[in-house]
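Here is the structure we will look at, set down as structure tokens.
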Amino acid sequence: MKNLDDNFLTLCNLWCEQQLSVESFEELQTLLRSDRELQRTFVEFAQLHGQLVWDAGVTAGSGLTCIPPDIASRSAIDGRFSNEGRQRKSRYSPKLVATMAACLLLAGVAAMSWHGRRVSQVAHNSTLPGDGQKPGFDSPPSGLAQPGNSHEDMTRNDKANELKPLPLNGVQPEVISSEIASADPDAGRPAKSVSPTSAGLDDASIIAEIDRLIAATWSDYGVVVADVADDHEWVRRCFLTLTGRIPSLPEASAFAASTSPRKRTALVVSLLDDLRYAENLSVTWTNLLIGRTNARQVDQEALYGFLQRQFRENRPWMETVGELVAAEGRSDQNGATNFLLAHLNDQATPATAVTARLFLGQQVQCTQCHDHPFAKDRRQDEFWSLNAFFKQAERRPLTVTAADGTSQNVWTLADTGSPGMTFYDTLRGQQKAVLPEFDGHTMLADDSRSRRAELVQLLAADSRQLVARAMVNRTWAQVFGHGFTSPIDDLGSHNPVSHPELLEFLTRSFAESDYDVRRLMRWLTLSRTFQLSSLQTEESVAVDDPQEGGTPLFSRAYPRPMGPEQVYDSIRIAIRSAADQPIDSSIGSTHRRQWVEQFVQSYGTDENDEQLAFEGNIAQAMLMMNGEDLQDAIPLTAVEVTKAVKENPQGILKSLERIAMATLNREPSEREEKIFRGHYRTLTHSMPTDVAIRTATEDMLWAYLNSSEFTSVH
């Protein structure tokens, strides 16, 4: 059998090199007809050969017209297995390829089922990690699968190999394969640069291009890429990124136990369709739009409600920006009005600066008084030309009667001011006048149209696609810890971009997708980069260390502190799931707001600035340790955890395993087990065994919650 295998591999290699004689070709087709396993080996060999020879993904059966749908769909996405994607055409002659296609068809390739097969570890550094801890053929969906799909949609092989799906709202893991885009006719050729238009906005092609461009940077810098994150590390990061909190103990345990080869894709799709994703983004953008302290006392809940509807329904980001910029009405009835209501003070200069920073990715606040000292394309007159769009907007207080008969103060926003010119003073004391102008389009002084509504139209037609670029850069930073620029909201010629080609590609793709935020998130979280571990060799960390001012290469997951909202919700999740208590949302609660505001300072300036002082330091750890709620909750949790523990070493360790999985979403290390046993034995000298195990569990829970591992995204 060994000789047969060697002979078969030799024939495969000669076929790939286009050096196969007629006799050898007949021998190869005979072998392929006789053994289905050889058919699969042939497909894998062709793919691996392409990776090693071209540094790009040569898909199995390149150019074949009769590839079965299952393999064809995978071929459409496996172009992602690339480093540099050099421009090179297939070496296979059309006649030979057509003949081999007929052989494969006659041999029954159409009946092949190739779910879950993995490429050789030899190709580890040139392949995209799939689900689990090894690189593989996990295929991202081309569109969101809808909730409610039945198990009848699965293939028999899927049913045999899958465990019970993760108990989350949304799509079941088994139906994802039906959502994969159809095969690309060029899928068998080496990976090459693609545009959103040429890719047809196919998710797989876009993800493959992200991977190709990132891998090209790794090659340029000679950095050794981190290994694929294990399930425990990855599921924690995925939940924190998409929902703003860690997974519960059942969620983390179910994910780690699942053997589905597509479980990572399934979880991403499921969470993006989950209400918690919309809530997390709504909290993030409420903080960005009006701040955590809400210094101007606008209707924070109404703004949050507006954002939640937009993100839950996956409305286009350009539409959301337009609603925020052009909103009119009462603050309690139209939540979008609260953005500008919070920034119309001081001649709307804060509104101008915040709009440019959040939606255009430009810091223009200093150009209020003078031209930008470093960016020659940012002038003082441009600031005031943008400011002129907000000249008509006015906020007025209004007292209304609530449903319970009490009086309530609200704000109204409307374009009631007069148009005309906008005047400003230069540093030399000269007074100048400007008209509303953006991207080369100017409104006349007597134009009766709403200036803010016109600005929205100009933003949508912007030739520079600034809104798309700013959102892509911010979202990338949200997912990976660093944007393509630093700071992320200061794009321009004065600020170098770490991956200009990738930023340009994602900007075009995002705009072409009709500003689909959920889809943008899916592209990033299904990319190879998001699969990587935070652990890396010291040599590679030295090359790729943005914390020390280096260019971010994204060759590993960058550890970073959680935000205060993430810490708050993650503590609740950890404690409640460890104690097997129900988990509800804390958003909007008074306790959460008060806890977060401990770390925020409002300067009370005309720019409505505030500072977040939350870095996971000792002072904050002490705040957590001394909080009354934690003081009460942790002992009660320890009681619940140790209820079923018996007086034996294995039973004792069960309580440690439970709190480790609940807090850090992983099993305890050997060192932690040793410390826990030693602490328990010491306590038994001075107290009953049941009290000792409860006390040891409580102390270990304190230690886990106050560890840097718990308070970081990694």
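When the residues of region 302-331 are filtered to those that are charged (D, E, K, R) and either buried (at least 20 other Cβ atoms within 10 Å of the Cβ) or more than 17 Å from residue 413 (Cβ to Cβ) (or both), the one that is nearest to the chain's Cα centre (by Cα) is 312. Among residues of region 299-321 that are more than 22 Å from residue 507 (Cα to Cα), those with a beta-carbon under 7 Å from a residue that is of a type in the set (D, E, K, R) at least six positions away or on a different chain give the pairs 299/332; 302/332; 308/279.
No other residue among 444, 458 is loosely packed, with under 13 Cβ neighbours inside 10 Å and among the hydrophobic types (A, V, I, L, M, F, W, C) apart from 444. Restricting attention to region 441-455, does a residue exist that is in contact (Cβ under 8 Å) with a residue 60 or more places away in the chain and within 29 Å of the chain's Cα centre (by Cα)? Within region 441-455, none of the residues are in contact (Cβ under 8 Å) with a residue 60 or more places away in the chain and within 29 Å of the chain's Cα centre (by Cα).
If you filter region 528-564 down to residues that are buried (at least 22 other Cβ atoms within 10 Å of the Cβ) and among the charged types (D, E, K, R), you find that the one that is farthest from residue 708 (Cα to Cα) is 528.
Each value in this text was obtained by applying a stated rule to the coordinates, not by laboratory testing. Computed from a predicted model, the values in this text were never measured in an experiment. Cβ atoms come from the backbone with ideal geometry, glycine included; neighbour counts cover every protein chain shown.
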